[in-house]
Amino acid sequence: MDMLSALMELPDRVGAEHTAAEIAQQPETWAGTLALCRGRQAELRAFVAGQVGRPVLLVGAGTSDFVGRSVERLLHRQWRTPVHAVASTELLTGMDDWLRTDEGALCISFSRSGDSSEGVAVIEEMKRRFPRVAHLVITCNAQGAMAKLMQGQAQSYALVLDPATNDRGLAMTSSFSNMVVAGQALAYLDDLDGYAAILRQLAESAASLLPRAANAAAELARRGLARVCFLGSGALRATAAESALKVQELTAGRIFTMSESFLGLRHGPLSFIDKKTLVVAYIASDPRTGSYESDLLRELDDKKLGATIAVTGFALTPKLLEMAHMALDLGKRADAPPDALRPPLDVIFGQLLGLFCSLEAGLKPDTPSPSGAISRVVSHVKIHSSQPVPELK
């Protein structure tokens, strides 16, 4: 029996009841999210069509920001319009850098609870100061303030995912991957059948990955990790960032984490990696990108940096397997989806690493912050009144 299944069968799941189940349920929930989008396809297409040619902002905080970063390039390519992922925590203090009162835009807000202070404030301020901006909220909570702000409002639409995706554990897991799936479905509104075939393959790969990734994550956690660096290119760069956050959150900051692109690592951040660091590399299927990634891992190996190199990817090459100390093969090259669609799949390893490192640290993954430094919903931020920023002359 794999370590995740064993954990879920314990009478007392040592404070991991919700987080373990929410990670495990992901492959089964993605089809439901796609079915929801398919049922709303006509409405969504009409809503999006009304924004053709306008810039798109993908807005969220923390993990919800990484949802936007996971689909940013995909939406840009599929919709052929400027798309920018901007954290609500950044947008709240710099809205005038992104919007003009005389121009329209589409703001897509991602939020598990729909109640985060900054996310709600961004929508309220945009509606007040930038009335030509249309709003699409993707959330896991029908009762959240963001969903309610869309009710009965012009140029406003709420896509509320199944309540099962509204994680009860502190860390966002199932909510992250399902909001990414919803964002990917938006990119393929004109070909949901084609996307459905890719999503089925992703779910099959995820079901195969879960037990193997759980065993690998549990083994690594037992080594007493102190530092972890996650690497990814393109959309998988967002996967790396989300994975780093998961390990950090679930261990109450006891494990130092960072994320970077493969090519970006050499430009200073390489100094983070020492001989005790775990390096997790999400390897792209694109041959050219993969070559750059292999070169970087070879350099780490030559410089004897990183205690362990763990990789995930499709049809991992012998050269990669030779450099890696731990490898999670995701499937045959023929089954590989475009790298832009892989975040819901690859992030599972980062989530599981966070889960088992949390348990190894003696924490409760469902509530991993003994000091109360972080909470499930950030809803206590004081919002200050805004003033238009004068134009530079």
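The values are calculated or read from the model by the stated rules, or taken from the named source; none is laboratory data. Just so it is clear, the model here is predicted, and its values are computed rather than measured. Glycine also receives a Cβ, built like all others from the backbone with ideal geometry; neighbour counts cover every protein chain displayed. Accessible surface is based on the protein model in full, side chains and every heavy atom, while ligands, DNA and RNA are left aside. Shrake-Rupley method; radii C 1.70, N 1.55, O 1.52, S 1.80 Å.
A few points about this structure:
- Flag for residue 26 being touching a Pro at 6+ places or on another chain (Cβ under 8 Å) and modelled with pLDDT of 95 or more: yes
- Hey, residue 240 under 17 Å from residue 256 (Cα atoms) and crowded, with 24+ Cβ neighbours inside 10 Å or not: yes
- Criterion applied to 212, 223, 254 was being in a helix (DSSP H, G or I) and in contact (Cβ under 8 Å) with a residue 12 or more places away in the chain, and the one residue passing it is 212.
- Selected residue [free of Cβ contacts under 8 Å to residues at least 12 places away in the same chain and open to solvent by 40 Å² or more (accessible area, probe 1.4 Å)] from 155, 151: 151
- Boolean, residue 139 is touching a Lys or Arg at 6+ places or on another chain (Cβ under 8 Å) and surrounded by fewer than 18 Cβ atoms within 10 Å (Cβ to Cβ): no
- Number of the condition not met by residue 76 [criteria: (1) touching a strand residue (DSSP E or B) at 6+ places or on another chain (Cβ under 6 Å); (2) outside any helix (DSSP H, G or I); (3) more than 26 Å from residue 163 (Cβ to Cβ); (4) not basic (Lys, Arg)]: (2)
- Checked against (1) surrounded by 20 or more Cβ atoms within 10 Å (Cβ to Cβ); (2) outside any helix (DSSP H, G or I); (3) small (Gly, Ala, Ser), residue 70 passes all but a single condition, namely (2).
- Test result for residue 60, touching a Gly at 6+ places or on another chain (Cβ under 9 Å) and either open to solvent by less than 40 Å² (accessible area, probe 1.4 Å) or hydroxyl-bearing (Ser, Thr, Tyr) (or both): yes
- Hey, residue 54 open to solvent by 30 Å² or more (accessible area, probe 1.4 Å) and outside any helix (DSSP H, G or I) or not: yes
- Of all residues in the stretch 8-45, exactly one satisfies the criterion of being touching a Leu at 6+ places or on another chain (Cβ under 8 Å) and free of Cβ contacts under 8 Å to residues at least 40 places away in the same chain, namely 13.
- Inter-residue pairs, beta-carbon under 6 Å, first free of Cβ contacts under 8 Å to residues at least 60 places away in the same chain and in the stretch 97-124, second among the hydroxyl-bearing types (Ser, Thr, Tyr), 6+ apart: 111/64; 111/139; 114/139
- Any hit, the stretch 226-235, residues being farther than 15 Å from residue 359 by Cβ and in a helix (DSSP H, G or I): yes
- Any hit, the stretch 136-145, residues being closer than 24 Å to residue 21 by Cα and in a strand (DSSP E or B): yes
- Checking the stated criteria, residue 232 turns out to be buried (at least 18 other Cβ atoms within 10 Å of the Cβ) and under 18 Å from residue 180 (Cβ atoms).
To keep it simple, each residue is scored yes or no on (1) of a type in the set (Asp, Glu); (2) within 14 Å of the chain's Cα centre (by Cα); (3) open to solvent by 40 Å² or more (accessible area, probe 1.4 Å).
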{"position": "217", "(1), (2), (3)": "no, no, no"}
{"position": "236", "(1), (2), (3)": "no, yes, no"}
{"position": "244", "(1), (2), (3)": "no, yes, no"}
{"position": "255", "(1), (2), (3)": "no, no, no"}
{"position": "263", "(1), (2), (3)": "no, no, yes"}
{"position": "266", "(1), (2), (3)": "no, no, yes"}
{"position": "269", "(1), (2), (3)": "no, no, no"}
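- Close pairs (6 angstrom Cβ cut-off, 6 or more residues apart or separate chains): open to solvent by less than 10 Å² (accessible area, probe 1.4 Å) in the stretch 169-191, among the hydrophobic types (A, V, I, L, M, F, W, C) and in a loop (DSSP other than H, G, I, E, B) anywhere: 175/140; 178/161
- When residues of the stretch 165-202 are limited to those that are more than 16 Å from residue 351 (Cβ to Cβ) and part of a loop (DSSP other than H, G, I, E, B), the one nearest to the chain's Cα centre (by Cα): 166
- Between 115, 162, 102, the distinction of being under 24 Å from residue 247 (Cα atoms), more than 16 Å from the chain's Cα centre (by Cα) and open to solvent by 20 Å² or more (accessible area, probe 1.4 Å) belongs to 115 only.
- When residue 342 is tested against (1) more than 21 Å from the chain's Cα centre (by Cα); (2) within 16 Å of residue 200 (Cα to Cα), exactly one condition is not met: (1).
- Qualifying residue in the stretch 5-16 (condition: farther than 30 Å from residue 363 by Cα and of a type in the set (Val, Ile, Thr)): no
- Answer residue from the stretch 86-99, given it is open to solvent by less than 10 Å² (accessible area, probe 1.4 Å) and in contact with a helix residue (DSSP H, G or I) (Cβ under 6 Å, 6 or more places away or on another chain) and is farthest from residue 341 (Cα to Cα) among those: 91
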